1. May I ask you to evaluate 6.51 cos²θ - 1.76 cosθ + 1.60, the Karplus curve with θ = phi - 60°, for each residue of the stretch 348-363 and list the ³J(HN,Hα) values in order in whole Hz, giving x for glycine and proline?
2. Can you give me the distance in nm between label points at Val104 and His257, each placed 7 Å from the Cα along the Cα-to-Cβ direction?
3. Calculate, for Arg52 and Ala274, the FRET efficiency according to 1/(1 + (r/R0)^6) with r their C-beta to C-beta distance and R0 22 Å; round to the nearest 0.05.
4. Run the quick spin-label model on Ala111 and Val404: label points 7 Å from Cα toward the beta carbon, then report their separation in nm to one decimal.
5. If you add up the charges near Leu366, with Lys and Arg at +1 and Asp and Glu at -1, over every other residue whose beta carbon is less than 10 angstrom from its beta carbon, what do you get?
6. Would you mind calculating the gained length between Val135 and Arg484 on full extension (0.36 nm times residue separation, minus the Cα-Cα distance), in nm to one decimal?
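Just so you know, all these numbers are worked out from the coordinates, no wet-lab data involved. These figures come from a predicted structure and were not determined experimentally. Cβ: placed from backbone, ideal geometry, glycine included. Neighbour counts: every protein chain shown.
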Amino acid sequence: MVSESAEFKGIGTGAESAEAFGSRVRSAVIWRSGSQILAQVITWASTLLVIRLLDPADYGLFAMTQVVLAFLAFLNGWGFASALVQSDSIDPFRIRQAFGLLLVLNGLLAAIQFFGAPFAAAYYGQPMVADLLRVQALLFLATPFIALPEVMMSRALDFRRQALVNLLAALAGAGTALGCALAGYGVWTLVYAPLAMFWTRAIGLTLVARLLVWPSFDFRGCGQIVGFGSAILFSQLFWLVQSQADIFIAGRRFEPHALGLYAEALFLAQIFMAKFVPPLNEVAFPAYSRIKHDRAAVRWSFLKTVRVLMLVAAPFYCGLAVVAAPMVETLFGTKWLGMVPYIQLISLALILMTVQILFAPVTNALGKPSLSMFTALSGAIIFPAAFLIGAQSGLIGMAWAWLVAAPLLLLVTTRLSAPLIGVSLWDVVRAMLPGLAPALVMAIGVGFAAEAIRPFGLAPPLRLAMLAALGVALYGALLWLLEREALAEVIRLVLRRKLPDPA
């Protein structure tokens, strides 16, 4: 997110004013985030139906394949394409070089996954994993046709056409998932749906971006692309070690049914961080790249992003923790109630993780992707160590590991990245408090209410509706009483009113 104040000069390109640039960024955020929300509504509607038709063991098998897929996907060259966004200028030949790199890398990854699938199946002791991975190799072949048009449109802050294609892809994925589940395809439902979504995006983005270029396999002179992309690549590698370590460790220790409960709890708890924050970061990276020479604008914009995001994220996570039981029973059914303790613990940890991932777009835009790489390396050490220790107490111990590792990683990230941005740990904490403090008080109040109505034996949907309504009302009242200025800032942002001088 970037500054919208006219105090910040030269933040656009050419003669573009700060006000015009701020308007473009706001429009980009609305299109990207709005389309993401609508796409998620479509996906969730399908998922809620599919999850009732499938078994937790199906999700356990699928989670095993995702570890392999994720560890290969970090090499898909997206970071090389992202170098085109950070560059001050580009030429057609560099675009062709980037396309060539993407084709070569993803072709190799598809072959590695196809022929290496039996080794992954042997590790997990699940022969079915090999068949699933071979089909999922087709995902890599779609990546070049998604990455290049997406980064080129992001460079121009053109998220409207991306949004329309993403919505179409969401419909294709949701329709495929529902059709396969009803047809009794079992775990294959979870494989075919992403394939339909990926290839719809690949074709759609290539067409709307009008980016049908001939690839160049002459990689001479592409040092900037490789240098910037390599730092991003290693950051992604370390992030994947951090994010996939729990499933990788648990896959050999626990049977698929138990692992499926943990994996779906993790998915549900991470919905906000994984589905809504990345679209904001996609807009933030090119926007910060435009104002990278104005450090006052960067600092103000970063703290504003933390403050506004916490006003939404903190009540979401705290509310999820206290209404997890009636929500799971209402949406998924009683066979999924084992997810509840995992959701409650992981949700609280993700409040801090949501802030932590906001640092990378800023440091990357400022030309220091090495900082993101070192913070990701820290996470790749802290989280696996915590999971190995927690696994001794079962899957619940791994959920507790999140509450230990998340604050440690945020401290390390702030220590490494804050000086470049011009902020301190206390600045970050102060930006978090307007949303976090009322959310914690709200969660305590809703928790007491949940215990008070438990003896009445109300139906889960009714309990969920009552507690959710109480949470919204209580949080809104606390914001009005204690953080009226922060609430006014959000209203001004939504209504597109002029913001006060950031000084």
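1. Using θ = phi - 60°, the values come out as 5, 5, 6, 4, 6, 5, 4, 6, 4, 7, 6, 6, 4, x, 6, 5 Hz.
2. In this crude label model, Val104 to His257 measures out at 5.0 nm.
3. The value I calculate is 0.50.
4. Placing both labels 7 Å beyond Cα along the Cβ direction yields 4.3 nm.
5. Combined, the nearby Lys, Arg, Asp and Glu give +3.
6. Length gained between Val135 and Arg484: 120.4 nm.
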